[in-house]
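Derivation of every value follows stated rules applied to the coordinates shown; laboratory data play no part. Keep in mind it's a predicted model, so treat the numbers as computed, not measured. Here Cβ is always computed from backbone atoms with ideal geometry, including for glycine, and neighbour counts include all displayed protein chains.
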Amino acid sequence: MKFAWLFLGLGLGLSPARAELNVVASIPDFGALARTVGGDHVRVTSLAKGTEDAHFVDARPSFIRLLNRADVLIEGGAELEAGWLPTLVNAARNGKIQGNARGRIVLGPYIRLAGVPAGPVDRSQGDVHPLGNPHFWLDPENGKIIARVLAERFSELEPSHKGYFQENLARFSKELDSKVTGWQEALAPNRGTKVVTYHQSFDYFLNRFGFELVGTIESKPGIEPSASYINSLIQRLQGVGVKLIVVEPYRPRRIPDYLAQAIGATLLVLPDKVEGVPAVKDFIGLFDYNVAQTASTLKEVP
Amino acid sequence: MKRRGIWTSFLACVSAAALHAQEVSELELLRKELQELRESFRRVQEQQRRQIEALEQRIDALTVAPAAPAQPSPAPSEPLSPSPKAATAAPAPSRTLAAPVTLWGGQGSYLNLSLSALTTVGTSTASDIESLQLGGHDPKQRGFTLQNLETVFDGKVDPYFRGQANVIFQIDPEGETIVEAEEAYLETLALPANLQVKAGLFMTEFGRLNPTHPHAWDFVDQPLVNARFLGGDGLRGPGARLSWLAPTPFYSELFLAVANSQGETAFSFRNNHEGEPFLGRPALERDVETVGDLLFVPRYAVSLDLSESQTILAGASAALGPNSSGAHADTQIYGLDLFWKWKSPRHHGGFPFVSWQTEAMMRRFEAGAFPGDVQTPPLPDETLYDYGFYSQVAYGFRKGWVAGWRGDYVVPESQAGYEQVLGPDPARASRWRISPSLTWYPSEFSKLRLQYNYDRRQELGEDHSVWFQFEFLLGSHAVHQF
């Protein structure tokens, strides 16, 4: 009898007695924030890799497996994952994350999206995102909103840990606030610096820190540049004083290099996502890295 | 006097010039001043815009969670209003590129519509292009072919089902427009026990290519083995399919479809082949008498991630059902498929990648005995075995550019009894084909493709064909299935 109780005790100890939310995030940034807020009470997996283009992720069947077991799906929405996530969610046949189930967190609607087209859009303008620019996690202030949304929803799904989630949120928000002040100070001397990017991925980052986006290497969203477009870009930007060309690690370098030389700018490679480079491991780390890289590069630029 | 006059005019000239110069510099000064004012105005405006945005954002950050219960929410099931900006910002456009042709009501989409048009122009050395190109959507004539004009309707039906209908138009070599209801099915959204039911008219999940539409193919035409065993329009029909996502640590799914076994889309089954004899025999009238007279298609698919950047998807399928050559004759088709893909972990717009896709099939056809008539001598019953496979590689070498290579081979096990009587049957004769191709996707919504086919048919010899294909896609965002 005594042994039987012992076995029962062991069994309880080994089984997942601790309630854990199984969270799947579309990109590592949302995953990192979920980890920060959820702590020990969540198990987080991210689908897209930090090193890849989030618009063009392969809908691997293993993702169906992950989504099938998920309690929570966090996605950016606003067409960030439009090319790959919808079929996966259908195939996963998991009511917890379908439609407007409480386990499905679409972040876009909580964020004030920039770049919402004013007039009518059609695809002759390239693959414009009509709901606004979906790369919103690159503004640290939006990170705070995301964390708040996650804490709220996790608390709803796991009410017994509400206090824990709120505590994590408060700690994160406080840390982020002081970090933002530091980042602002570090980049303050560079306000107004003119920048060119590849895709409109860094708009939120540039806007937050007072940089000015004067052009993109893509002629239109999602459209590769032609030689004549690059020539017209060079003509337009020569003598304008563009200091930086910012590209993500996964972009081809040939055209950015060429453009940088032609207009006398410096090429700066910055990750647009957590885990985009090995040094960036979480949300705050992404900005620590990007701010430090930007500041040190601009110091060397005359 | 004269000299004075000269002096006067000289002075006048100089003063005029000076005056002019003065005017110019003043103009420049004014311009500069205006420019500076404009610049500072722009800066102030920019700064204030930023301040406004920052304030708005801080308000958002503070209002998201706590304000939620107090805020009137649009849907009763949404206690947390997802849109703190709704009250302050202009409403987002009620139209998105994900579904530009969408019937909307308030915040929801009820029906997504998209259209893809696939056209090919080209030529071939073959004098019988219609029998050279076996696929129902293949170009079958010199000049232009409208291969496939496909309209897709899809959306969530209700909390239980998703629905999709594909209606296609084609123009045949005679210039007649053909309309086909290709698919029209509903699919359950969240059945318990990881089950899913699909019911209606659909392309059977046999192998990898059969359930896909021509615009998703890597080549202009259909692989020979698919056309020879599953038919030019693929294996599809009204039916129902149950699938189960198995609780294995990797992805694995079990499918079982039951469908009607008759018609030209059940090619090797109860198909009258438009009155022409098939594998020597004219078609018998056969009705469905028992459940066993339906078509059964089981399939098992497994996928593994070999590394961060490599995925493999393998499957085994079978299609089992009666055929029209005899009262008790059955057909069995077995297939194996393999898909491997490497995609750079640092891809830009999905490139570079390499994919390799192979399908091998075997058909066992029980041909019934034929008593003989005016046209055809008597034939014994016999069992015919046929084999075939294709293998293709696609290499996306830079954004928008894909080079492809495909090899096709179909072969019978041996010459059939009826062929000894009637002569070799081109529907079984061995043949192979090599097809290199080059595709350019100017965007996700258009493509241009050049393909060359080297065909070698037993008895008929070799043929060369060149096809140039172009496609456009309107409507819903292209969703890529693995």
Q: For chain A, find the longest principal axis of its Cα atoms and tell me its angle to the long axis of helix A:283-300, 0 to 90°, nearest 10.
A: 20
**Q.** Candidate lysines - alpha carbon under 30 Å from A:Lys174, same-chain residues fewer than 8 apart omitted
**A.** A:Lys49, A:Lys144, A:Lys162, A:Lys273, A:Lys281, A:Lys299, B:Lys85
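Find how much the distance from B:Gln45 to B:Gln415 grows on full extension, using 0.36 nm per residue of separation minus their present alpha carbon separation; answer in nm with one decimal. Please list the in-between numbers first.
Working: separation 370, 0.36 × 370 = 133.20 nm, distance 8.46 nm.
Full extension from B:Gln45 to B:Gln415 adds 124.7 nm.
Decide, for the range B:333-440, between rounded, prolate and oblate: order the square roots of the alpha carbon gyration tensor eigenvalues as a ≥ b ≥ c, take rounded if a/c falls under 1.5, and otherwise choose prolate if a/b is larger than b/c, else oblate.
Numbers: a/c = 4.93, a/b = 3.18, b/c = 1.55.
Prolate is the answer for the range B:333-440, as a/c is 1.5 or above and a/b outweighs b/c.
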**Q.** Under 26 Å from the Cα of B:Lys198 - lysines, other chains or at least 8 residues apart
**A.** A:Lys96, B:Lys156
Q | Cα centroid separation - the range B:422-482 against the range A:228-302, whole Å | A | 42
Q. Among A:Asp139, A:Asp71, A:Asp257, whose mean-square fluctuation peaks in a Gaussian network model of chain A (Cα, cutoff 10 Å)?
A. A:Asp257
Q.
Rounding to the nearest 10 and keeping the result within 0 to 90°, find how far the Cα-based axis of helix A:28-38 lies from the longest principal axis of chain A.
A. 40
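State the Kirkwood hydrodynamic radius of the range A:215-276 in Å, one decimal place, computed from all pairs of distinct Cα atoms. Please report the intermediate quantities before stating the final value.
On the way: mean 1/r = 0.0823 Å⁻¹.
Evaluated on the range A:215-276, it is 12.1 Å.
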Q. Where the centroid of each part is defined by its Cα atoms, how far is the range B:307-325 from the range B:186-242 in Å?
A. 11
Q. Where a Cα-Cα gap under 13 Å defines reach, which aspartates and glutamates qualify for B:Lys343, not counting those fewer than 8 residues away within the same chain?
A. A:Glu52, A:Asp53, A:Asp58, B:Asp305, B:Glu308
Q) Rounded, prolate or oblate: which fits the range A:96-205, taking a ≥ b ≥ c as square roots of the Cα gyration tensor eigenvalues, rounded meaning a/c under 1.5, else prolate when a/b beats b/c? A) oblate
**Q.** Inter-probe distance in nm under a simple model that places probes 7 Å from Cα toward Cβ, at B:Leu460 and B:Thr376
**A.** 2.1
**Q.** Point-charge dipole on Cβ atoms (K/R +1, D/E -1) for chain A, about Cα centre, debye to 20
**A.** 500
Q: Could you pull the Rg and Dmax for the range B:180-271, using just the Cα atoms, both in Å?
A: 14.3, 42
Q: Quick one: which residues, 5 or more positions from B:Phe202 or on another chain, have an amide H under 5 Å from its amide H? H modelled 1.01 Å from N in the peptide plane, none for Pro or chain starts.
A: B:Ala184, B:Gly237, B:Gly239
Q) Residue by residue, what Karplus-based ³J(HN,Hα) values in Hz, rounded to whole numbers, does the range A:43-51 have, using 6.51, -1.76 and 1.60 with θ = phi - 60° and x for Gly and Pro? A) 10, 10, 10, 10, 7, 5, 8, x, 8
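At a threshold of 8 angstrom on Cα-Cα distance, excluding pairs fewer than six apart, so keeping six or more, what relative contact order does chain A reach in percent? Intermediate values should be presented prior to the final figure.
Numbers: 485 pairs, mean separation 50.3, N = 302.
Across chain A, relative contact order equals 17 percent.
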Q) When you take every Cα atom in the range A:150-302, what is the radius of gyration, and what is Dmax, the widest Cα pair distance, in Å? A) 18.5, 61
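List the relative contact order of the range B:163-215 as a percent without decimals, with contacts defined as Cα pairs under 8 Å and 6+ residues apart. List each step's numbers first, then the result.
Details: 69 pairs, mean separation 13.8, N = 53.
Once divided by the residue count of the range B:163-215, the mean separation gives 26 percent.
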Q. For A:Thr193, which sequence-distant residues (separation of 5 or more, or a different chain) have an amide H within less than 5 Å of its own amide H, given hydrogens modelled in the peptide plane?
A. A:Glu212
**Q.** Residues of the range B:250-294 with amide N under 13 Å of a point placed 7 Å along Cα→Cβ from B:Ala240
**A.** B:256-260
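Taking Cα atoms of the range B:220-260, Rg/Rh with Kirkwood Rh, to two decimals?
Values: Rg = 14.4 Å, Rh = 12.6 Å.
Result for the range B:220-260 is an Rg/Rh of 1.14.
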Q | Projected area, mean over directions - the range A:176-244, Cα convex hull, nm² | A | 5.1
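Report the semi-axes of the equivalent ellipsoid for chain A in whole Å, largest first, where each axis is √(5λ) for an eigenvalue λ of the Cα gyration tensor.
On the way: eigenvalues 321, 97, 54 Å².
Whole-Å semi-axes of the equivalent ellipsoid: 40, 22, 16.
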Q. Reported to two decimal places, what Rg/Rh ratio describes the range A:59-110 when computed on Cα atoms with Rh from the Kirkwood expression?
A. 0.93
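Evaluate E = 1/(1 + (r/R0)^6) for A:Asn22 and B:Thr290, where r is the Cβ-Cβ distance and R0 equals 35 Å; express this FRET efficiency to the nearest 0.05. Numbers along the way, then the final one.
Working: r = 46 Å, r/R0 = 1.31.
Efficiency for this residue pair is about 0.15.
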Q.
Given the protein assembly as shown, report the % of alpha carbon pairs whose separation exceeds 37 Å.
A. 52
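Report the gain in length on full extension from B:Leu304 to B:His480: 0.36 nm times residue separation, minus Cα-Cα distance, nm rounded to one decimal. Intermediate results must be reported in sequence, preceding the final value.
Numbers: separation 176, 0.36 × 176 = 63.36 nm, distance 1.84 nm.
So the extension gain works out to 61.5 nm.
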Q: Mind checking the range B:164-253 for GluC sites (Glu not before Pro) that DSSP puts in a loop (not H, G, I, E or B) and that have at most 12 other Cβ atoms within 10 Å?
A: B:Glu174, B:Glu176
Q: Report, in degrees rounded to the nearest 10, the 0 to 90 angle that the Cα long axis of helix A:2-14 makes with the longest principal axis of chain A.
A: 10
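Please tell me the relative contact order of the range B:288-392 in percent, rounded to the nearest whole number, where contacts are Cα pairs under 8 Å and at least six residues apart.
Details: 227 pairs, mean separation 21.3, N = 105.
Once normalised by length, the contact order is 20 percent.
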Q | Rg over Rh, two decimals, the range B:380-482 (C-alpha only, Kirkwood Rh) | A | 1.14
